[in-house]
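The values are calculated or read from the model by the stated rules, or taken from the named source; none is laboratory data. All of these numbers come straight from a predicted model, not from anything done at the bench. All Cβ positions, even for glycine, are placed from backbone atoms using ideal geometry, and neighbour counts span all protein chains on display. Accessible surface areas use protein heavy atoms only, side chains included; no ligands, DNA or RNA. Shrake-Rupley method; radii C 1.70, N 1.55, O 1.52, S 1.80 Å.
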Amino acid sequence: MTFTTVAAALISIVELPYAYGALEPYISAETMHFHHDKHYAGYVAKLNELIEGSRYATMPLEEIVRQSEGAIFNNAAQAWNHVFYFEQFAPNARHHPEGKLLRSIEMQFGSVDELKRSMVSTATSLFGSGWVWLAADNDGMLYVITKPNAGTPLTDGLHPLLCLDVWEHAYYLDYRNIRKDAAAECFKVVDWAKVEERYENITK
Ligand code: MN
């Protein structure tokens with residue numbers, strides 16, 4: 001008797017938790033189609049190609065990000081970052097943080113608007129492609145961090161809470177070269193309930 005095994009994709013694509021056009025007018029359906037189906041899916045496909053038959057083949061994505069370097073890290077981190085990014089938005093998002101997260105933001109940044117301004121200006125001053133992160137340490141202290149290329153605070157032992165994708169593919173169709181507007185408009189669809197949930201999970 002013979003058995004045939006069909007190799008499954010090692011890391012699978014996570015679908016968007018909302019419709020492609022759900023974040024309009026701030027992020028268009030066209031951008032979401034390219035961003036999710038071409039860019040993000042492309043990183044996942046490339047990653048699967050690179051890890052097939054390697055020690056990474058059986059690892060969860062987050063673990064690959066923590067342990068790898070070079071091309072595997074770049075594609076794994078981009079895959080992880082994009083899922084994290086897409087999941088922080090919602091069409092009927094709560095527009096303001098509350099509770100413990102709000103208190104930490106006010107204590108460290110003065111106000112939610114100041115935090116947003118800080119992230120937008122950090123995004124504007126980043127040379128080239130990358131990510132701007134709001135992350136927290138184990139004590140709940142908040143940090144705004146810039147990472148070039150595929151960088152993520154996961155490799156600094158920090159807990160990511162929220163991010164701005166500062167690759168041109170994230171905004172060029174909608175905002176052309178105006179990165180500042182793209183970054184600022186993003187906040188209109190950030191689901192702060194989701195960000196709070198991420199924060200609560202680390203400061204319990
Ligand atoms: Mn992207």
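Computed quantities for the displayed model
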item	result
Residue under evaluation SER54, criteria (1) in a helix (DSSP H, G or I); (2) more than 29 Å from ASN177 (Cβ to Cβ); (3) small (Gly, Ala, Ser), criterion not met	(1)
Of the criteria (1) modelled with pLDDT under 95; (2) assigned by TED's automatic domain parsing to the domain that holds TYR172, which one MET107 fails	(1)
Identity of the residue in the stretch 152-195, more than 15 Å from the ligand (Cβ to nearest atom) and among the polar types (S, T, N, Q), that ends up nearest to THR31 (Cα to Cα)	ASN177
Any pair with Cβ under 8 angstrom, 6 or more apart, that starts in the stretch 163-178 at a residue that is over 24 Å from ILE145 (Cβ atoms) and part of a helix (DSSP H, G or I) and ends at one that is modelled with pLDDT under 95 and more than 9 Å from the ligand (Cβ to nearest atom)	ASP174/ALA182
Which numbered condition PHE86 misses (of (1) without any contact (Cβ under 8 Å) to a residue 40 or more places away in the chain; (2) within 16 Å of the ligand (Cβ to nearest atom); (3) in contact with a His (Cβ under 9 Å, 6 or more places away or on another chain))	(1)
Within the stretch 68-83, considering residues that are away from the ligand (no atom under 16 Å from the Cβ) and of a type in the set (Gly, Ala, Ser), the one farthest from PRO148 (Cα to Cα)	SER68
Selection within the stretch 24-58 - open to solvent by less than 20 Å² (accessible area, probe 1.4 Å), more than 19 Å from ALA170 (Cα to Cα) and not β-branched (Val, Ile, Thr)	LEU47
